[in-house]
Amino acid sequence: MAAELTIGFLPLVDACLPILAREHGFAEAEGLSLRLVRDMSWATVLDRLLYGHSDAAHLVAPLAIATTLGRGRPAQPLSVPFILGLNGNAITLTRDLADKVCPPGRLGDPRVVGTTFAAYAKRSAATGKRLRFGVVHRYSSHNYMLRYWLAASGLRPDHDVEIVTIAPPYCADALEANEVDGICVGEPWNSVAVERGAGRIVLATAQIWRRGVEKVLALREPVLADRREEIEALVRALVATARQFVDPANWEANAAILARPEYLDGSAELIRRAISDQLLLTQGSATVHFPDFMFQYREAANFPWVSQAQWLYTQMVRWEGSGYSAADAAKAAGVFRPDVYRSALIGTDEPLPSASSKVEGSLSQITAVGTQQGTITLESNSFFDGRSFDPHDLAGYLAALP
Amino acid sequence: MRVAVVDESASRAAVIREGLQAFDDCEIFVVTERHGLIARIGEIAPDIVLIDLGNPSRDVLEEYFAVSRALARPIAMFVDESDADAVTASIDAGVSSYVVDGLAPHRIRPILDLAVKRFNAFAQLHSDLAEAQGKVAERESIDRAKRILMDSRGLTEPQAYAELRKAAMDKGCRIAQIAAALVTAHSLMGGT
């Protein structure tokens, strides 16, 4: 009998791995039967996870940490043994605003667009109209990436501009109705806005942090402890799926599966574009190829680097103004579980890094890293402003940020 | 007590409202429009907010409760998180509740229990309806399949039905499935 695991997800392209693990039989090959439960808000995905309706969930990475730290509700420790993907989000502005800050035809340069945007946003704020952005959740990488870019461009988020939460399916509407001037959201929702003529994509979040952690597979810590073997089997199934997912030969078929009513219930064409790193920046134009827009497998992308959890914690502190706490930092770091990932994959042909933490943003060229097994080379992982993040000195990093 | 029911399904909201009217001390506000949701909640200044779990605006609402200074009193998730049965019942039913901090549990609990009951009743109603509609659709496709067999093979109606039943038994599936397959195949072959 296959062990059954229930996984909650939101209809976003980066829910691809659990869906395809089920559809392509990778889960079954590991002795697992996956049941997928689709919801329409992160709040509901999380509720189901916390109250046992689901065993694991597709979750925005910062929300796993916020839940562990008891932000917004009583603390419940979550564990992340697997990263479902890096990046894959974009910043889309209303067409008027985009025309003011970013030349048409290609993605902007984050520094140049940032500087121009900052000047415009300040002028606008001075006349009493603060520009407003929509992000999908307060505890989302979208929120942190957007804020990182704004702050490094000389703006004070929450002061010079306003940032509000919008449900992804309503992002295009909100742009169209001028309820917001820009959105930072995952696919297919930028493309939906572009197709409707509601906005233009000006930046991919991969331009802000070339290898930024995005969605994770999260589960309650006690569930991980109780069902460790099954979870390790799930990690292996997801790795096998990720390998299949990044092969261009499978894009068409995978897009068709993800588009089905029970999954994303959306356009296979838009989904195929996202997974093949093709972006339609403006309605009616040709698509632009932006390599590694989504990042689901290479370079040990699925490995839960502790340093990435720590970076997310610094951003949480930075924008909540709650003050750095060494105890919270340690709890946040403990959410990511490279030990589980390792024990799931040791002895397979999947490469494993020897370290569990790294200086984020320090690589500007292809670099081979030390491994426990196999070989791993990492490409550039830089932040657009040239800063790097040393996980040994969180307080120092925080103090040096604008 | 001021109770806001946030639900994009106007018919379900009506079912909830009707139930809550049984409480003398409840003033009920139904919000079905997602535009201006937060402003509307601000105006209502509710003690309790009920919202369906399928509503994409839940994250927006939680954000508002977490950071807003507009409401004088903070709103907490669920009446009592330690009451696991109540929480589970409400998730099963598909409703979530947000309650102003410090409201006495004995005042809130009956309202939440009733909301859960009403959500369940509504879900039951819907599945009954879907089942009834499914049955009507099945009967239609069986009738069409019989007609196809009668026209193409010159069978009588009872013979056509017997053929469908036999095929279903041979294949180990339901007559309606065989009928649907036949209707689809017929239309693919250019039939009408």
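The values are calculated or read from the model by the stated rules, or taken from the named source; none is laboratory data. No experiment lies behind these values; they were computed from the predicted model shown. Reconstructed Cβ throughout: ideal geometry from the backbone, glycine too, with neighbour counts over all protein chains shown.
Structure notes:
- Filter result for residue A:235 (surrounded by 20 or more Cβ atoms within 10 Å (Cβ to Cβ) and more than 16 Å from residue A:12 (Cα to Cα)): yes
- Residue match in region B:7-30 (condition: surrounded by 15 or more Cβ atoms within 10 Å (Cβ to Cβ), touching a residue at least 12 places away in the same chain (Cβ under 8 Å), at the interface with chain A (Cβ under 9 Å from one of its Cβ atoms) and among the β-branched types (Val, Ile, Thr)): no
- The residues listed here are A:283, A:308; of these, the one that is in contact with a Gly (Cβ under 7 Å, 6 or more places away or on another chain) and either in a loop (DSSP other than H, G, I, E, B) or under 18 Å from residue A:380 (Cβ atoms) (or both) is A:283.
- Considering (1) assigned by TED's automatic domain parsing to the domain that holds residue A:199; (2) surrounded by fewer than 22 Cβ atoms within 10 Å (Cβ to Cβ); (3) in contact with a Lys or Arg (Cβ under 9 Å, 6 or more places away or on another chain), the lone condition that residue A:102 does not fulfil carries the number (2).
- Any hit, region A:106-116, residues being modelled with pLDDT of 95 or more and either within 26 Å of residue B:38 (Cβ to Cβ) or outside the structural domain of residue A:95 (by TED's automatic domain parsing) (or both): no
- Residue within region A:335-345 that is free of Cβ contacts under 8 Å to residues at least 60 places away in the same chain, surrounded by fewer than 14 Cβ atoms within 10 Å (Cβ to Cβ) and closer than 25 Å to residue A:75 by Cα present: yes
Here's the yes/no breakdown for (1) outside any loop (DSSP other than H, G, I, E, B); (2) within 13 Å of chain B (Cβ to nearest Cβ):
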{"position": "A:108", "(1), (2)": "no, no"}
{"position": "A:113", "(1), (2)": "yes, no"}
{"position": "A:120", "(1), (2)": "yes, no"}
{"position": "A:123", "(1), (2)": "yes, no"}
{"position": "A:134", "(1), (2)": "yes, yes"}
{"position": "A:138", "(1), (2)": "no, yes"}
{"position": "A:142", "(1), (2)": "yes, yes"}
{"position": "A:147", "(1), (2)": "yes, no"}
{"position": "A:162", "(1), (2)": "yes, yes"}
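- Residue within region A:36-48 that is surrounded by 20 or more Cβ atoms within 10 Å (Cβ to Cβ), away from chain B (no Cβ under 14 Å) and at pLDDT 95 or above present: no
- Considering only residues in region A:35-93 that are in a loop (DSSP other than H, G, I, E, B) and of a type in the set (Asp, Glu), the one that is farthest from residue B:93 (Cα to Cα) turns out to be A:55.
- Test: residue in region A:55-68 that is within 14 Å of chain B (Cβ to nearest Cβ), touching a residue at least 24 places away in the same chain (Cβ under 8 Å) and surrounded by fewer than 22 Cβ atoms within 10 Å (Cβ to Cβ): no
- Candidate set: region B:40-66, residues that are within 8 Å of chain A (Cβ to nearest Cβ) and over 20 Å from residue B:101 (Cβ atoms); chosen: the one surrounded by the most Cβ atoms within 10 Å (Cβ to Cβ): B:59
- Residue within region A:262-285 that is in contact with a Phe, Trp or Tyr (Cβ under 6 Å, 6 or more places away or on another chain) and polar (S, T, N, Q) present: yes
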